[in-house]
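Before any comments, here is the structure.
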Amino acid sequence: MSEKIVYTTAAVNTGARAGESHSPDRSYEVNIDVPKKMGGDGNGTNPEQLFAMGYSACYHAALDHYKKEENIDNESQVTLTVHLHNDPSDGGFKLSVEIEVGIKDFSEEKTKKLADKAHTYCPYSKATMGNIDVDVKAVPFVEGK
């Protein structure tokens, strides 16, 4: 890869899905646990939640990029839902994602256009494109969500 690297980070995990993950400098630490629905204690954060949080923040930044470019200062919200599916091809699991975008006082049609543009710009979207199903939707903005 010949592009200039602008940021690098890492994470360390011990115990897999029933353990602990942290940044090498320990500035961020999180207990990892299997969701109760999947037989775990549910006392920690699971990898799907962490993926949803990171992806939603990154995607929202991409949306803000296009809002700024088009001089739109309306408040926006992104709800990103990660689904963990059984994968019959290997007996394991696979992911899918729903991205719901709401922009205050903005039509769903215009919101959808901006949401689709953001999906082509977001690094998480670029990384997952063609690898997992991602459904981008415009939804009404909900105050205080």
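Give the residue from Gly102, Pro47, Ala118 lying farthest towards the positive end of the charge dipole for the stretch 47-138; charges sit on Cβ (+1 for Lys and Arg, -1 for Asp and Glu) and the dipole is referred to the Cα centre. Looking along the dipole axis, the top candidate is Ala118. Listed by Cβ neighbour count within 10 Å, with the fewest neighbours leading, Ile72, Ile32, Ile103 appear as Ile72, Ile32, Ile103. For GluC sites (Glu not before Pro), the sites in the stretch 41-107 that DSSP calls loop and that have at most 15 other Cβ atoms within 10 Å are Glu70, Glu75. Inter-label distance, Thr45 to Asn31: 1.4 nm, where each label sits 7 Å from its Cα along the C-beta direction. Amide H contacts under 5 Å for Gly42: Val34, Lys36, restricted to partners 5 or more places along the chain or on a different chain, H placed in the peptide plane at 1.01 Å from N. With K and R counted +1 and D and E -1, the other residues having a Cβ less than 13 Å from that of Ile132 yield a net charge of -3. Past the 27 Å Cα-Cα mark, which pairs from Lys4/Lys104; Lys67/Lys137; Lys36/Lys113; Lys37/Lys112; Lys37/Lys104? Lys4/Lys104; Lys36/Lys113; Lys37/Lys112; Lys37/Lys104, as the Cα separations exceed 27 Å there. Neighbour counts of other Cβ atoms within 10 Å put Leu80, Leu63 in the fewest-to-most order Leu80, Leu63. Going from the residue with the fewest nearby Cβ atoms within 10 Å to the one with the most, Thr79, Thr111, Thr128, Thr9 rank Thr9, Thr79, Thr128, Thr111. Each 5 Å bin from zero up to the one holding the largest Cα-Cα distance in the chain carries the following percent of pairs: 2, 9, 15, 17, 16, 16, 13, 8, 3, 0.
Bear in mind these aren't lab numbers, they're just calculated from the coordinates by the rules spelled out. Since the structure is predicted, the reported quantities are computational estimates derived from the model, not experimental observations. Here the Cβ is made from the backbone with ideal geometry for all residues, glycine too, and neighbour counts use every protein chain on show.
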